[in-house]
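As structure tokens, the structure follows; a few thoughts come after it.
The values are calculated or read from the model by the stated rules, or taken from the named source; none is laboratory data. None of the values given here were measured: they were computed from a predicted structure. Ideal geometry is used to build each Cβ from the backbone, glycine not excepted, and the neighbour counts take in all protein chains shown. These accessible areas exclude ligands, DNA and RNA; they are computed on the full protein's heavy atoms, side chains included. Shrake-Rupley method; radii C 1.70, N 1.55, O 1.52, S 1.80 Å.
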Amino acid sequence: MNRKGYMVLYGTQTGTAEDLAVELQEDIRELGIECGCENVFDVDVAQLDSLEKVFVIISTWGDGDPPDDAEDFCEVLSKVNENRLKGLDYAVFALGDSGYELFCECGKQVDKYLSFAGAHALMDRVDCDIDIDEPFREWKEKLLSILRECVSVVEA
Ligand SMILES: Cc1cc2nc3c(=O)[nH]c(=O)nc-3n(C[C@H](O)[C@H](O)[C@H](O)COP(=O)(O)O)c2cc1C
């Protein structure tokens, strides 16, 4: 499979993940890399079959549940066969609140499903508590430095 394309995917209930996703997309584009940004509600899991890199920013709601709009995506992703997503690189930024028993559960599950499906984690998942700015900045900067290296390897 010839994989092509970068995508930021977000799952949100009240918009936090969307704001972060748009910020990440803009920074990736500033590297000269074309990158989409979509709510997982508008994405078919089958689209992951052709992408090269996907960056997921997703919150947790209810009692460890996905945001409402992300339920179907997570359900389908949980059933993807082992190795189907081989060759796909990914990173996950999980939003949550450690006051809840199932802290960042949705992001943890998405990470687990992608890994089971054979996708390759570019970096460790970050489980982010209610103070978001600093952990997000650190996660984003690390991811951007990895992407910078990918670009320079391709250009060399
Ligand atoms: C009603 C409610 C339920 C929540 N449930 C969880 C939970 O089970 N686990 C968790 O880690 N965070 C939970 N959170 C925290 C949210 O995930 C967190 O506020 C996140 O930043 C929201 O991001 P969003 O605006 O993108 O949806 C909950 C928040 C609310 C208001």
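A compact table of results
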quantity	calculated
Among (1) open to solvent by less than 40 Å² (accessible area, probe 1.4 Å); (2) within 16 Å of the ligand (Cβ to nearest atom), the one test that Leu143 misses	(2)
Residue match in the stretch 75-91 (condition: touching a strand residue (DSSP E or B) at 6+ places or on another chain (Cβ under 7 Å), in contact (Cβ under 8 Å) with a residue 24 or more places away in the chain and within 11 Å of the ligand (Cβ to nearest atom))	no
Count of the stretch 54-65 residues which are near the ligand (Cβ under 10 Å from one of its atoms) and touching a helix residue (DSSP H, G or I) at 6+ places or on another chain (Cβ under 8 Å)	7
Subset of the stretch 1-39 [part of a helix (DSSP H, G or I), open to solvent by less than 30 Å² (accessible area, probe 1.4 Å) and in contact with a helix residue (DSSP H, G or I) (Cβ under 7 Å, 6 or more places away or on another chain)]	Leu20, Leu24, Ile28
Matching residues, the stretch 97-117, being part of a loop (DSSP other than H, G, I, E, B), open to solvent by less than 20 Å² (accessible area, probe 1.4 Å) and either at positive phi or not small (Gly, Ala, Ser) (or both)	Cys104
